[in-house]
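The values are calculated or read from the model by the stated rules, or taken from the named source; none is laboratory data. Here the structure is a predicted model, which is why all the values come from computation and not from measurement. So basically every Cβ, Gly included, is an ideal-geometry build from the backbone, and we count neighbours across all protein chains shown.
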Amino acid sequence: MNDSPGWTSPGSSPAGDPSGEQGPQWSKEQPPPAAAPQPGPGVPHQGGPYQDAPAQGAPHAGAPQHGAPYGGGPYGGAPPGGAPYGAPYGGAPYGPPGPGWGPPPAPKPGVVPLRPLGLGEILDGAIATMRTYWRPVLGISFVVALITQALSLLGALSLLDDLNTLSSDPAAVDAEDLPGLMAATGAVYLVAVVVMLLGTTAASALLTPVISQAVLGRPATVGQAWRTSKPQFFRLVGLTVLIPTILVAVVVGCMLPGSLLLISEDARPAGFLLIMLGLFASLPLVTWLNFKWSLASPALILEKQPVFRSMTRSAKLVKGSWWRIFGIQLLASLIAWMLAFMVQMPFEVLGMILDGFSPSSYFGGELDSFGATYYVFTSIGGVIAQTITLPFAAGVTVLLYIDRRIRREALDLELARATGAATGTGS
């Protein structure tokens, strides 16, 4: 028999009990009795009205009650520690994630994040491209602006005397010379428009690859941009000529019925009315077509598309988002126009002053003609203005194209894989 304190065999009579009565005998060295748990704040009262006087045979403190989980609390109540059942550690119930939770941010290897872009991100991305990759971007736009403005200046100076005579004293021009002078003036302006159109096309062809690489955070040189756009350059020229031709044809077609009525003298009032109605009717149609094909240029350069297929591609990308693209490009055009005005106006004023005129005489209608100095300074201002506005407008167009492909075709995943492959973090 082991008589060590705290242990007894069941059913035996303890030694030293004179009565021989069987019953448990506990060691004298016992721990103090556990205090009954009291309900704390936020914990429901457990045990009912008999909490303070438990019945005989009730389980000792800490044992689970009948129908209750371990810990003494009823199902659905609060276990020790105050956290309700079904809640994570720490006591907070399951619910919406707090601050710091959510999907990870989109990668941004370049000038814009690789996800659908907002208005501010498109405008900021165009400016960031000019600021980060200013050497190729401003270099391309400066060369294009210098060539176009120089050719326009030469055309204006070649007719300077005749233009001044025509504006100051039209009666001094012989009637026989007037048609030739008007034709020469029209030819000069037509050449200026064509040169500007070709210059804009060249800038778009060269800037599109640079901006597309800036989205991936990769710098592109002028030589790389030329090698990328060279195979598509003449297609881009054809696209740039074709779209305005179609738009002009739409306007002429809407005005044609009224123009035919002008043949008959009696129907001329109705003809003029139809011409005006046709003109106003053509404006919404021309606007819709122009912005419908506004993404054809980057589609042609970046996807190596033919001319007509690039127009179809642009129409597919614009579908469902015409008003958004219209608003963004209209806002970008207004910003570019304001920048060009602020840059060019000081040079025009300086050219007038150096040419012997004052701004008050110009705005007061006292100025009849300008000299060569004015045209030279105006061209200098035009070079600076175009150097800034050409890459901005091209950047907005290319980023709109990328945004539409991200929204419709998940291009961001392809760009992210390309960036990961380039940096060694992806497959």
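One table, with the values for the structure above:
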{"quantity": "Members of the stretch 292-308 that are of a type in the set (D, E, K, R) and surrounded by fewer than 15 Cβ atoms within 10 Å (Cβ to Cβ)", "calculated": "E303, K304"}
{"quantity": "Residue in the stretch 292-299 that is among the aromatic types (F, W, Y) and not in a helix (DSSP H, G or I) present", "calculated": "yes"}
{"quantity": "Residue satisfying all of: in the stretch 319-353; charged (D, E, K, R) and in a helix (DSSP H, G or I); modelled with the lowest pLDDT among these", "calculated": "E348"}
{"quantity": "L279 more than 28 Å from the chain's Cα centre (by Cα), assigned to a helix (DSSP H, G or I), of a type in the set (A, V, I, L, M, F, W, C) and more than 30 Å from Y133 (Cβ to Cβ)", "calculated": "yes"}
{"quantity": "One residue from S204, S212, S229, S264 being farther than 30 Å from T387 by Cβ and either part of a helix (DSSP H, G or I) or not basic (K, R) (or both)", "calculated": "S264"}
{"quantity": "Meets criteria (assigned to a helix (DSSP H, G or I) and modelled with pLDDT under 90) for A394", "calculated": "no"}
{"quantity": "Any hit, the stretch 233-246, residues being more than 23 Å from V193 (Cα to Cα), polar (S, T, N, Q) and exposed (fewer than 15 other Cβ atoms within 10 Å of the Cβ)", "calculated": "no"}
{"quantity": "Extreme residue, surrounded by the most Cβ atoms within 10 Å (Cβ to Cβ), among residues of the stretch 373-391 that are of a type outside the set (V, I, T) and under 26 Å from the mean Cα position of the chain (by Cα)", "calculated": "P391"}
{"quantity": "Test: E265 is more than 35 Å from the chain's Cα centre (by Cα), loosely packed, with under 15 Cβ neighbours inside 10 Å and of a type in the set (D, E, K, R)", "calculated": "yes"}
{"quantity": "Residue check, L190 within 28 Å of F280 (Cα to Cα), at pLDDT below 90, surrounded by fewer than 15 Cβ atoms within 10 Å (Cβ to Cβ) and not β-branched (V, I, T)", "calculated": "yes"}
{"quantity": "Residues of the stretch 282-313 that turn out to be under 23 Å from the mean Cα position of the chain (by Cα) and touching a residue at least 40 places away in the same chain (Cβ under 8 Å), as a count", "calculated": "14"}
{"quantity": "Verdict on A150 being modelled with pLDDT of 80 or more, among the small types (G, A, S) and within 19 Å of A394 (Cα to Cα)", "calculated": "no"}
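This table checks each residue for (1) hydrophobic (A, V, I, L, M, F, W, C); (2) in contact (Cβ under 8 Å) with a residue 60 or more places away in the chain; (3) on the phi < 0 side of the Ramachandran plot.
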position	(1), (2), (3)
A183	yes, no, yes
A205	yes, yes, yes
Q232	no, yes, yes
V237	yes, no, yes
V241	yes, no, yes
V248	yes, no, yes
